[in-house]
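The structure appears below as structure tokens.
The values are calculated or read from the model by the stated rules, or taken from the named source; none is laboratory data. It should be emphasised that the depicted structure is a prediction, and the values quoted were computed from it without experimental measurement. Reconstructed Cβ throughout: ideal geometry from the backbone, glycine too, with neighbour counts over all protein chains shown.
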Amino acid sequence: MQDSFRCLLARAAQTHCLTKEEIALLLSAHGEEEQALFAAADTVRAQWVGDDVHLRGLIEFSNYCRNDCLYCGLRRSNRKVRRYRMEPEEILAAARAGVDLGYRTIVLQSGDDPWYTSALLARVVEEIKKLGVAVTLSIGERKKSEYRDLKLAGADRFLLKQETADPKLYALLHPGQSYRHRIQCLEWLAELGYQVGSGNIVGLPGQSLDILAEDILFLQAHAVDMAGIGPFIPHPDTPLGTCPPGDVALTLRVLAVTRLLLPWAHLPATTALATLDKDGREKGLRAGANVIMPDLTPLVYHAAYEIYPGKGAPLPADYHQAVRQLVVKLGRQVGTGLGHSLKPSSLSAQPVSGPPAQ
Ligand code: 5AD
């Protein structure tokens, strides 16, 4: 390994501050250097967020979407999707089943579906909060007043991925949407007191290492509490259906560098990673991740929530148990608390440096 690489990695692990060029260099690491990057991320993960792996139970309650993102199987132009909306009672039943399985966070995710008013969702959130768990919403762009109503109803966290921090690529991939408005939504969510998650897709056509470095700097500048980083998986019924998939190793390097630069963050080993590589979850957990988001969507709907091929594949009978076994196999433990944000309260939305919070 080159001395210069070793030094760069040590500085990243200590100061959590790098330039765009330095990030791009780490993202192109191979062989021994790549392994050293993963090891450094794993060490920073252990120091800052410990050995707990937090499990978040995901309920995909609607696959209707008003958007037309070029990469997503649920885009509104895809007429092949069997669309569904879960009734509030069905969502609550799925949440209760998740709580019975031991989940301490329930994530409510859907396409960008205005059919669910904030008033309706607020009632669902209030009911789930009575179960004593944390609630994360992942429902896309809404008015600030709606985000406020949902926060007042008890929602703790919100996931809204920037998908790509390159405004030009964002515009190409998201017809009819605005990059600036997405950032505006993220800023509202933070102002309203949500723990905020964002994140990107790795391997999108037209993406460069520089753009991926921008993604990581974006997450750092916004001091997000969580970041979801997954590989692009082409869906045949989308305009990007014939593009090559994202590279698993590059996705792991993006995850690892994100851990170095946002040491406090909750980072999932994503389902997309596990879809492209049968050991994807394990590799993610060894390269900086500390969260897994298993699926709790009722079987009748699960197959229709096909963001990318494989997403709706049947789950093995021992699925929930297998996730826990993986955590233990890696010498870690499943978090028993609510798994709230570990971001030091001193951090505003600025690039950071400084010692770990104990
Ligand atoms: N490949 C990988 N990830 C995708 N997503 C949507 N479509 C794809 C795809 N084809 C991701 C987006 C979205 C999340 C729910 O799924 O990042 O935010």
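Summary of values
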item	result
From Ala93, Ala165, Ala155, Ala190, residue being modelled with pLDDT of 95 or more, small (Gly, Ala, Ser) and either more than 20 Å from Pro268 (Cβ to Cβ) or touching a Ser or Thr at 6+ places or on another chain (Cβ under 7 Å) (or both)	Ala93
Residues (touching a Leu at 6+ places or on another chain (Cβ under 8 Å) and crowded, with 23+ Cβ neighbours inside 10 Å) located in the range 262-272	Leu262, Ala265, His266, Leu267, Ala269
Test: residue in the range 159-166 that is outside any loop (DSSP other than H, G, I, E, B) and either closer than 28 Å to Gly102 by Cα or in contact (Cβ under 8 Å) with a residue 60 or more places away in the chain (or both)	yes
Residues that are surrounded by fewer than 16 Cβ atoms within 10 Å (Cβ to Cβ) and free of Cβ contacts under 8 Å to residues at least 40 places away in the same chain, drawn from the range 97-129	Asp100, Thr117, Ala119, Leu120, Arg123, Glu126
From Ala171, Ala190, residue being free of Cβ contacts under 8 Å to residues at least 60 places away in the same chain, small (Gly, Ala, Ser) and on the phi < 0 side of the Ramachandran plot	Ala171
Tally, over the range 1-60, of residues that are among the polar types (S, T, N, Q), out of contact with any Gly (no Cβ under 9 Å at 6 or more places or on another chain) and in a helix (DSSP H, G or I)	5
Pick from the range 244-259, criterion among the β-branched types (Val, Ile, Thr) and over 19 Å from His54 (Cβ atoms), ranking: farthest from the ligand (Cβ to nearest atom)	Val257
Gly310 being within 13 Å of the ligand (Cβ to nearest atom), more than 15 Å from the chain's Cα centre (by Cα) and either of a type in the set (Lys, Arg) or surrounded by fewer than 22 Cβ atoms within 10 Å (Cβ to Cβ) (or both)	yes
Qualifying residue in the range 223-243 (condition: away from the ligand (no atom under 15 Å from the Cβ), modelled with pLDDT of 95 or more and more than 26 Å from Asn67 (Cα to Cα))	yes
Ser208 being at pLDDT 95 or above, within 14 Å of the ligand (Cβ to nearest atom) and of a type in the set (S, T, N, Q)	no
